[in-house]
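See structure below.
The values are calculated or read from the model by the stated rules, or taken from the named source; none is laboratory data. The shown structure was predicted, so the numbers you read here are calculated from the model rather than taken from an experiment. Every residue, glycine among them, receives a Cβ derived from its backbone with ideal geometry; neighbour counts consider all protein chains shown.
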Amino acid sequence: MSKITSLDTYDVRFPTSRELDGSDAMNPDPDYSAAYVVVRTDQPHVAGYGLAFTIGRGNDVQKAAIDALAHHVVGLDIAEVTGDLGGFAKRLIGDSQLRWLGPEKGVMHMAIGAVVNAAWDLAARLAGKPLWRFIADMTPEQLVATIDFRYLTDALTPAEALTMLHAAAPTKAKRIAQLLEEGYPAYTTSPGWLGYTDEKMQRLAREAVAAGFRTIKLKVGLNVEDDIRRCRLAREAVGPDVAIAVDANQRWDVPHAIAWLRRLSDVQLAWVEEPTSPDDVLGHATIRRAVAPTPISTGEHTQNRVVFKQLFQANAVDLIQIDAARVGGVNENLAILLMAAKYGVRVFPHAGGVGLCELVQHLAMADFVAITGKKDDRAIEFVDHLHQHFVDPVVIRNGHYIAPQTPGFSAQMHADTLKQYSYPDGPVWCEPVDVAKAQ
Ligand SMILES: [Mg+2]
């Protein structure tokens, strides 16, 4: 019987603040980082990989939280984990001494998500399938068995989820073929970081359109006059047929958001992302009513399925972002995708960061094949940096994510990356910064 022998964690940080990549109204100088986890087994070539994304110093806390879960994982039979991914996640979430820190929110929940995702990666690798296909090939009953429906049944019951999945099942094979041929639509945030000059933003926006993207996203929220100018310049750069979304990264109070968005009303925004606190369900509903028909969204910082449930029940959002490394792993994201499908809310997965594109593409593709059957009225975020550090990096062609074929969840990093970017002792963090170049 093969066993899990260790849960190894790594503090990996990239000095992105030196170029202002990733800068927005709330996060002016992020160092994109991963609290990276490897579930090792007694078979040298069998392991599962996962990560929690942070933007720098959060890695200290995040890594410690993952380490606190080791006793739930080390020593288990591999089959015990991969054969019951629902039970595995429930045991981690149910550790009452750790649950006290949430429940099911924040650092501890993200740590659980990283470990649970590593378990799904391990299961998909052993099945010889990319994760999206591993999920798509589950029967409706197997998929529903991975989900914790506690706190959800006033919005979605297991029976309703089964009905939805059974309705989608007969046509899955057709959609798998379609996905392999067409890919899944992407949109890009690469032009829109707040620290970029107007010229750099316009150049990158034009390049995005030439590369086939049909939607770009700009960061907003520091200065309304700047936002109006940047949105107009972006429109000039991309033309009338490419959608422009904006992302305030939680910058505003509710009345502030309404006043600001009214100033942007002539831009015809595809959506406004994170106008206010991710916990403020009723605030999102108020903003949405006040600025209709401008679509409102949130989700990349939404802490768990319960808050998503309330966003749907309160008609607070037109669309959502899911994040593969925020909530408690694949299981909870499947619950969120099923609820979004029931409530008719489109999903535009959050990506960028470190490895978030690599991970979340699998969830969006599984949603298309096994749940909603829809992909052309939605898109996965794409930011073109840090992919070279992954063994199975995303492939974007003509504005579409190409479906991964390599077994697993695409979270594995190169061994050399772990060495070079390890914090604080990796060479990247020990070498003196070239200040002139960084500016
Ligand atoms: Mg965002």
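Mind checking which residues of the range 50-96 are under 24 Å from Val391 (Cβ atoms) and acidic (Asp, Glu)?
Selection gives Asp67 alone.
What residue, among those in the range 298-308 that are part of a helix (DSSP H, G or I) and touching a helix residue (DSSP H, G or I) at 6+ places or on another chain (Cβ under 6 Å), is surrounded by the most Cβ atoms within 10 Å (Cβ to Cβ)? If you could, list the steps in order and put the result at the bottom.
From the range 298-308, those part of a helix (DSSP H, G or I) are 305-308; that's our starting set.
Adding the requirement that they be touching a helix residue (DSSP H, G or I) at 6+ places or on another chain (Cβ under 6 Å) leaves 305, 308.
Working: Arg305: 27, Phe308: 29.
The selected residue is Phe308.
Quick one: how many residues across the range 134-161 are outside any loop (DSSP other than H, G, I, E, B) and within 15 Å of Asn331 (Cα to Cα)? Full working, then the answer.
The initial filter retains those residues of the range 134-161 that are outside any loop (DSSP other than H, G, I, E, B), namely 134-136, 140-145, 158-161.
In the following step, the residues that additionally are within 15 Å of Asn331 (Cα to Cα) were identified as 134-136, 140-145, 158, 161.
Summing the residues that are outside any loop (DSSP other than H, G, I, E, B) and within 15 Å of Asn331 (Cα to Cα) in the range 134-161 gives 11.
For residues in the range 20-37 being among the charged types (D, E, K, R) and within 15 Å of the ligand (Cβ to nearest atom), which is surrounded by the most Cβ atoms within 10 Å (Cβ to Cβ)? Even if it seems obvious, please write down each step before you answer.
Of the residues in the range 20-37, the ones among the charged types (D, E, K, R) are 21, 24, 29, 31.
Those still in the list that are within 15 Å of the ligand (Cβ to nearest atom) too: 21, 24.
Working: Asp21: 21, Asp24: 23.
So, considering only residues that are among the charged types (D, E, K, R) and within 15 Å of the ligand (Cβ to nearest atom), the one surrounded by the most Cβ atoms within 10 Å (Cβ to Cβ) is Asp24.
Listed residues Leu311, Leu282, Leu334; which is more than 16 Å from the ligand (Cβ to nearest atom) and surrounded by 21 or more Cβ atoms within 10 Å (Cβ to Cβ)? I'd like the intermediate steps shown before the answer.
Details: Leu311 fails: more than 16 Å from the ligand (Cβ to nearest atom); Leu282 fails: surrounded by 21 or more Cβ atoms within 10 Å (Cβ to Cβ).
Of Leu311, Leu282, Leu334, the one residue that is more than 16 Å from the ligand (Cβ to nearest atom) and surrounded by 21 or more Cβ atoms within 10 Å (Cβ to Cβ) is Leu334.
Are there any pairs with C-beta distances below 8 angstrom linking a residue in the range 211-232 that is over 12 Å from Ala245 (Cα atoms) and among the aromatic types (Phe, Trp, Tyr) to a residue that is modelled with pLDDT of 95 or more and within 16 Å of the ligand (Cβ to nearest atom), with the two at least 6 apart or on different chains, and if so which?
Pairs found: Phe213/Ala186; Phe213/Tyr187; Phe213/Thr188; Phe213/Phe382.
Here's a check for you: in the range 1-19, which residue that is of a type outside the set (S, T, N, Q) and farther than 14 Å from Gly56 by Cβ is nearest to the ligand (Cβ to nearest atom)? Walk me through it before giving the result.
Applying the first criterion (of a type outside the set (S, T, N, Q)) to the range 1-19 yields 1, 3-4, 7-8, 10-15, 18-19.
From what's left, farther than 14 Å from Gly56 by Cβ: 1, 3-4, 7-8, 10, 19.
Numbers: Met1: 44, Lys3: 40, Ile4: 34, Leu7: 30, Asp8: 30, Tyr10: 26, Glu19: 19 Å.
For the range 1-19, the residue satisfying everything is Glu19.
If the Cβ limit is 8 Å and pairs must be 6+ apart or interchain, which residue in the range 63-74 that is touching a residue at least 12 places away in the same chain (Cβ under 8 Å) pairs with which residue that is of a type in the set (D, E, K, R)?
Lys63/Asp11; Leu69/Asp95; His72/Arg91; His72/Asp95
Can you pull out the residues in the range 338-355 that are within 20 Å of Arg133 (Cβ to Cβ) and crowded, with 24+ Cβ neighbours inside 10 Å?
Pass one, the range 338-355, residues within 20 Å of Arg133 (Cβ to Cβ): 338, 341, 347, 349, 351, 355.
Hits for the range 338-355 are Leu338, Val347, Pro349, Ala351, Gly355.
Out of (1) more than 12 Å from the chain's Cα centre (by Cα); (2) in contact (Cβ under 8 Å) with a residue 40 or more places away in the chain, what's the single condition that is false for Asp377?
Here Asp377 meets the rest and fails (2).
Could you list all residues from the range 143-164 that are surrounded by fewer than 17 Cβ atoms within 10 Å (Cβ to Cβ) and either of a type in the set (Val, Ile, Thr) or in contact with a Gly (Cβ under 9 Å, 6 or more places away or on another chain) (or both)?
Ala145, Thr153, Thr157, Thr163
Show the residue pairs meeting these rules: Cβ distance below 8 Å; 6+ apart or different chains; first residue within the range 346-358 and within 10 Å of the ligand (Cβ to nearest atom) and modelled with pLDDT of 95 or more; second residue assigned to a loop (DSSP other than H, G, I, E, B) and among the acidic types (Asp, Glu).
What qualifies is His350/Glu300; His350/Asp323.
Given (1) touching a helix residue (DSSP H, G or I) at 6+ places or on another chain (Cβ under 7 Å); (2) loosely packed, with under 15 Cβ neighbours inside 10 Å, identify the lone condition not met by Glu104.
Among (1) touching a helix residue (DSSP H, G or I) at 6+ places or on another chain (Cβ under 7 Å); (2) loosely packed, with under 15 Cβ neighbours inside 10 Å, Glu104 violates only (2).
State yes or no: is Phe382 in contact with an Asp or Glu (Cβ under 7 Å, 6 or more places away or on another chain) and among the hydrophobic types (A, V, I, L, M, F, W, C)?
No: the conditions fail for Phe382.
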